[in-house]
Every structure is written in C-alpha cells, then in structure tokens.
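J.: Could you have a look at this structure, given as structure tokens, before my questions?
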C-alpha cells in the first residue's frame, strides 16, 4: 500500500486483511488492473514489477472472484447508460453484483448509492 496517507493506508490494509481472513471479500480483474497501474506509477514509492507480482499472487489472487467476459462488458454498457457511470466504474459495479457483494468500498463513487442489494461505501469517511 502507499504511504501517501497513512490513515487511509491503515484502513485499506485492515479491510484487505479482514477479507482474506474471513474469505468474504472480492476483487475483479478491473480492480487488479487499476491497482497495478497505481502501484507501479503513482505510489510515493512505486512498487517494483516483482513486488507487484507478489502482491497480486498473495493478496489479490485469493480475492479474485470475477473475471473479464463478454457478458460482463454488455452488463457494464447497460449500467453505464442507465446510471451515467464511467465505463470503469460500471465494470467494477457489475463485477461486484456478479460476485453477490453487499458492499462495494470506493472513495471515488457516491457514498451510500445503491444498485439493488449493492451499496457503495467510502471507508475513509
């Protein structure tokens, strides 16, 4: 995790540890792609490619529940149109719905917004 904001880093780390321990968390391929892009370029101390690979294998892979599919793309396109979300947010929301998540943690989406049984929560508020 980045050390740009130690409080956010602690909260995010605790959420990830909890998901791994309880086996009740989920990430999609889209989240992994965005994580890698950020970790390799935008962290205060960017991860090495080897370090990023280890993080994927040890932390993200056990949480990977939704993979890319044509069905997911079509659902995301419909969601983008219906809710006026960005393409990438639509992919993340649709993947969370496919994984039957109740909560989607995001600091970028509207806190409290609901999509059926899925609720967006900003863990940093």
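No lab work stands behind these numbers, since they all come straight from the coordinates. Just so it is clear, the model here is predicted, and its values are computed rather than measured. Glycine also receives a Cβ, built like all others from the backbone with ideal geometry; neighbour counts cover every protein chain displayed.
J.: Looking at residue 38 and the list (1) under 14 Å from the mean Cα position of the chain (by Cα); (2) outside any helix (DSSP H, G or I); (3) free of Cβ contacts under 8 Å to residues at least 40 places away in the same chain; (4) closer than 23 Å to residue 5 by Cβ, which single condition is not satisfied?
T.: (2)
J.: If you don't mind, there's one more thing I want to ask. For segment 88-101, check the following and say yes or no: at least one residue is touching a helix residue (DSSP H, G or I) at 6+ places or on another chain (Cβ under 6 Å) and part of a loop (DSSP other than H, G, I, E, B).
T.: No - not one qualifying residue is present in segment 88-101.
J.: Going residue by residue through segment 88-102, is there one that turns out to be surrounded by 12 or more Cβ atoms within 10 Å (Cβ to Cβ), free of Cβ contacts under 8 Å to residues at least 12 places away in the same chain and farther than 16 Å from residue 19 by Cβ?
T.: No, the conditions are met nowhere in segment 88-102.
J.: Okay, moving on. Any idea which of 77, 60, 20 is assigned to a helix (DSSP H, G or I) and in contact with a strand residue (DSSP E or B) (Cβ under 7 Å, 6 or more places away or on another chain)? Let's see the steps before the verdict.
T.: On the way: 77 fails: in contact with a strand residue (DSSP E or B) (Cβ under 7 Å, 6 or more places away or on another chain); 20 fails: in contact with a strand residue (DSSP E or B) (Cβ under 7 Å, 6 or more places away or on another chain).
Selected residue: 60, the only one of 77, 60, 20 that is assigned to a helix (DSSP H, G or I) and in contact with a strand residue (DSSP E or B) (Cβ under 7 Å, 6 or more places away or on another chain).
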